[in-house]
Every structure is written in C-alpha cells, then in structure tokens.
Amino acid sequence: MGMLERFHLGSQAVPLSTAPPNAAPPPPQPTPVTARSIGLRWLLHDIPYIAMLLLALVGVVFRLSVTYWVILIPVFAVISVAEGWRHFVGEAARLGLAVRVALSWCALLLAIYLLFGSGVRGVMNANATSLTMMILLGLGTFVSGVQARVWQICLVGGALFLAVPALGWLDQSPLLLTAGAALVIVLSGLAWWLTQWGQTAPAEARRRTAA
C-alpha cells in the first residue's frame, strides 16, 4: 500500500510558476488620450493668453475708459512674468526677468500719463482712445513676450497690433476684433497640438515596436 500511495502522489501534476519569485509587477497600461482630454489640456495651458485677448476685446467693444486699460497693465505684467518664469534658471535670472518686465510696463504707464494727462484730455474721442490704448497695450505685450521668451505672448501683442489698422478701416470693429481673437486662439491651439504630437508620437512608436 505504501508503494501505491507513493506512485499515486508522484503521478499528480504539480503546477509550476513560470515567473521568478521576485519578479516585478507588469507596468500599468497607458491611459488612452481622448480628444476631450487634449482639448482640456490645451485650454488650461493657453487660458492666460486667451484671457489677455478677451480683456482687450472687452475694452474695445465697450469703449471703456483709460482707467480700465491702466488696470490691465499689471495684469498683463503678472501673466508675462508667470509664464516666462519656467524659461529662466536661477534666482538671478528670474529676478532679472521680473525687473525688466516691470520697467517696460512702467515706461508704458508713463507714456499713457503723458498722452492722457490733464493737458491733452478731451482731444480724442472714446473710439480713438480705445485704439490708442490697444496700440500701447500691444506694444507692451509684445516686448514682454520677447523678454519672457514666450511666443504666445508675442502672438497676442502682434494680434493687437494688426487689429488696430483693420479697426480703423472697417466700421464693424467688434466683429473684426472677435474674429481676430478667435483666429489667434485657434492658431495657438494648433501650434500647441503639433508640439504635443511631436513629443508623444515617437514614444508611442517605440512602445508599439517594443510590444
């Protein structure tokens, strides 16, 4: 009987594990990127530049006073410094960025004071005031974009520049400015999508090759 029991036990199939005892768990599968997630990432990435365009659009459409445009100057300055902060390494470089941007916008404030001070107030109407302020704001925005090394801010400043002569030629200024702002937003989103695609496509190709 003992021999039969040993034969029976020896004939049983014992499952063997093919994985080594200390093997690492398989890496998690990457989450598929949907069009909705791409659009949300783009919106979060470009929302400061979209806000700059929309704020300028509000000032022109509603023919707001000089006070509104003066309030926009520190807002644009803060956006420029915040977006350009990551392009500079070291405390000295970042402090230099903040100082240069602050000085350029302070010079713009001085120009606004000279243009719209008590000596020349009343010379320009509301429409001319809005166009003049948009020229100055576009100039300051473009210079800040160059200093911060952020091409999107330069694009916003260029859009404000290009909108001014077009607004002088056409009477439908709000519609034209809205179309220009939408065009800049679309171009910025397209450029961002191409950049993201250029970064993710090689990694995806390597992953498929390895699989």
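The table that follows gives values for the structure above.
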| read-out | value |
| --- | --- |
| Residue that is modelled with the highest pLDDT, among those in the range 28-53 that are closer than 30 Å to F161 by Cβ and loosely packed, with under 14 Cβ neighbours inside 10 Å | I47 |
| Test for P15: is it more than 30 Å from C154 (Cα to Cα) and modelled with pLDDT under 55 | yes |
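Each row is one residue, and each column tells you yes or no for (1) among the aliphatic types (A, V, I, L, M); (2) modelled with pLDDT of 70 or more.
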position: L137; (1), (2): yes, yes
position: L160; (1), (2): yes, yes
position: A166; (1), (2): yes, no
position: S173; (1), (2): no, no
position: Q196; (1), (2): no, no
position: Q199; (1), (2): no, no
position: A211; (1), (2): yes, no
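The rows are residues; the columns are (1) at pLDDT 95 or above; (2) among the β-branched types (V, I, T); (3) under 21 Å from Q152 (Cα atoms).
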| residue | (1), (2), (3) |
| --- | --- |
| V61 | no, yes, no |
| T67 | no, yes, no |
| F76 | yes, no, yes |
| V81 | yes, yes, yes |
| V99 | yes, yes, yes |
| W105 | yes, no, yes |
| A111 | no, no, no |
| G117 | no, no, no |
| V123 | no, yes, no |
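The values are calculated or read from the model by the stated rules, or taken from the named source; none is laboratory data. As the structure is a prediction and not an experimental result, all values here were calculated from the model. When we count neighbours, we look across all protein chains shown, and the Cβ atoms used for this are built from the backbone with ideal geometry, even at glycine.
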